[in-house]
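Read the structure below first, then the notes.
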């Protein structure tokens, strides 16, 4: 019998970040926070008011924010920067590349409003390329969390990790179903056990993967759902072990299929165990304005899309074994 | 330190720069030579430095080179100050060297605290380090150096606005005003306007060192800058230098911004700068 995931409340992942930061304010005196005029959106208000000396309002100047964060590490501080994912990555790529990644600075780049679920603001703000940008930087750890609890746990965990981190989360309220404090950087979480297909999902799409697995069960397909919060470094061992068993994989992300989680896993599999794979991801396009739920349907980022991808990959698996 | 000793360091640093750049037929001698006197004075006369290099630089003054392409002078000054063996200068821009074309922390070279080269980022980093000093109740200072052409990068102006608005009065940022950049004079590439009034309009305390290649003028200027710290304003020094200073044929133009001397030119340049402390 497959384990069912339920929830009693919905919360936004960004509030998990805010809660984690608040806790770090109490436990980690060297943690400082920087924000580029989005305190409310990033839920950094409690940290800012509790520790005004350790909070830096930078203004609408993200490049300067990244540089200041890099400088703060030199005095032994652990800076957490906060702004939207687009302005956390694409806008400041060279600053992150030179002053943070190449300089091995212990900066935590925390990014809200990632992906299509930002909604009505439209494509200028809905970055779907950020995972790719960040994972290409040598030494950068890339984390994309799925719910409030996981985001809170991740926020706390990265403070104790020495090195640059990109932490990606989002705007909408989503089910809270992960236990708190079950988080280890670089270690996947197995949500369900299955034998027919592996579904590796990240961020908001993990819940959709769970919904898909229940629909698949009704169809007699046993899916192993893996919650992969850390996209880099990739938990190669766990993924390879799972596909060894299932022989088929679907990767699921709120991101362009180019440069995302799916591409990382395709690379891993091609080198170690070529396996039929389907991508549930954005098909190399920009987003657009709309209600998040509508957008996720239009761009094929929901449980139905996952079910279809699973059917397809299982067909391919069966064809290959004949 | 006596002026004679500083002079010896200047001559030797010029020789280091010229020989390093010549050896690999690449690098940036012009701005390096223009800032030689400044960096020699800063490291030997002005900054309070700890004996051993630690990245966090607690209780010591820190220097950030934003215009990283003048790495030859930075490396020479660091080596002659004892951060690493002077013999290592011979590895500049070679494969497997800690002395990369532009400075980096990546290879663990003592004295370097952040990578620079992609322009316009150093002032933000310097501000962050200055904020950390304030948080740590560390009264030592942050120095930074920037090219004048580098101010064309917009991030500088984010940083300049922030530093004044947040009273970063433990920061002394120096602009190397040589009026030259790769494609020509700053006036022809993109006129800088009046830098003094620009910085003042942003809320900085600005002082000028008109003779930016004169050791005494630099000592006086930097000493004055130190007197102005702790007064709620960041301090800017406009350091007027001559690109290529000390080598007659490299002066008064932009041609030697990023060009290495050939064998004959090197001999000519070295003749003008006698060996004082021993070549590497």
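The values are calculated or read from the model by the stated rules, or taken from the named source; none is laboratory data. No experiment lies behind these values; they were computed from the predicted model shown. Note that each Cβ is placed from the backbone with ideal geometry, even for glycine, and that neighbours are counted across all protein chains shown.
Please work out which one of (1) modelled with pLDDT of 95 or more; (2) touching a strand residue (DSSP E or B) at 6+ places or on another chain (Cβ under 9 Å); (3) within 30 Å of residue A:193 (Cβ to Cβ) is the condition residue A:2 fails and give its number. Going through (1) modelled with pLDDT of 95 or more; (2) touching a strand residue (DSSP E or B) at 6+ places or on another chain (Cβ under 9 Å); (3) within 30 Å of residue A:193 (Cβ to Cβ) one by one, residue A:2 breaks only (1).
In the set (1) under 28 Å from residue B:4 (Cβ atoms); (2) buried (at least 18 other Cβ atoms within 10 Å of the Cβ); (3) within 18 Å of the chain's Cα centre (by Cα), the condition left unmet by residue B:223 is number (2). The numbered conditions (1) more than 15 Å from the chain's Cα centre (by Cα); (2) crowded, with 23+ Cβ neighbours inside 10 Å; (3) within 14 Å of another protein chain (Cβ to nearest Cβ) are all true for residue B:92 except (3).
Restricting attention to the range A:143-165 and to residues that are within 15 Å of the chain's Cα centre (by Cα) and part of a loop (DSSP other than H, G, I, E, B), the residue that is surrounded by the fewest Cβ atoms within 10 Å (Cβ to Cβ) turns out to be A:147. The set of residues in the range A:55-65 being touching a helix residue (DSSP H, G or I) at 6+ places or on another chain (Cβ under 6 Å) and either more than 7 Å from every other protein chain (Cβ to nearest Cβ) or surrounded by fewer than 24 Cβ atoms within 10 Å (Cβ to Cβ) (or both) consists of A:55, A:61, A:62.
Within the range A:67-83, if we keep just the residues that are under 14 Å from residue A:36 (Cβ atoms) and out of contact with any strand residue (DSSP E or B) (no Cβ under 6 Å at 6 or more places or on another chain), the residue that is farthest from the other protein chains (Cβ to nearest Cβ) turns out to be A:83. Based on what the data block shows, is residue A:309 out of contact with any helix residue (DSSP H, G or I) (no Cβ under 7 Å at 6 or more places or on another chain), buried (at least 22 other Cβ atoms within 10 Å of the Cβ) and on the phi < 0 side of the Ramachandran plot? Yes, satisfied.
When each of B:114, B:125 is tested for being at the interface with chain A (Cβ under 7 Å from one of its Cβ atoms), in contact with a helix residue (DSSP H, G or I) (Cβ under 6 Å, 6 or more places away or on another chain), in a loop (DSSP other than H, G, I, E, B) and buried (at least 17 other Cβ atoms within 10 Å of the Cβ), the lone residue that passes is B:114. Among the residues of the range B:180-197, those identified as touching a helix residue (DSSP H, G or I) at 6+ places or on another chain (Cβ under 6 Å), free of Cβ contacts under 8 Å to residues at least 60 places away in the same chain and surrounded by 15 or more Cβ atoms within 10 Å (Cβ to Cβ) are B:186, B:192.
Taken over the range A:92-111, the criterion of being surrounded by 24 or more Cβ atoms within 10 Å (Cβ to Cβ), more than 10 Å from every other protein chain (Cβ to nearest Cβ) and out of contact with any strand residue (DSSP E or B) (no Cβ under 6 Å at 6 or more places or on another chain) is satisfied by A:96 alone.
Evaluation of residue A:126 against the conditions (1) buried (at least 24 other Cβ atoms within 10 Å of the Cβ); (2) in contact (Cβ under 8 Å) with a residue 40 or more places away in the chain; (3) at the interface with chain B (Cβ under 10 Å from one of its Cβ atoms); (4) not in a helix (DSSP H, G or I) shows that the sole unmet condition is (3). Scanning the range B:226-269 for residues that are in contact with a helix residue (DSSP H, G or I) (Cβ under 9 Å, 6 or more places away or on another chain) and surrounded by fewer than 22 Cβ atoms within 10 Å (Cβ to Cβ) yields a total of 18.
The residue that is farthest from the other protein chains (Cβ to nearest Cβ), among those in the range B:132-154 that are more than 23 Å from residue B:38 (Cα to Cα) and buried (at least 23 other Cβ atoms within 10 Å of the Cβ), is B:133. Within the range B:31-69, the residues that satisfy the criterion of being touching a helix residue (DSSP H, G or I) at 6+ places or on another chain (Cβ under 6 Å), closer than 22 Å to residue B:121 by Cβ and in contact (Cβ under 8 Å) with a residue 60 or more places away in the chain are B:31, B:35, B:38, B:39, B:62, B:64, B:65, B:66, B:67.
Picking from residues in the range B:159-170 that are crowded, with 17+ Cβ neighbours inside 10 Å and more than 14 Å from residue B:198 (Cβ to Cβ), the one that is nearest to the other protein chains (Cβ to nearest Cβ) is B:162.
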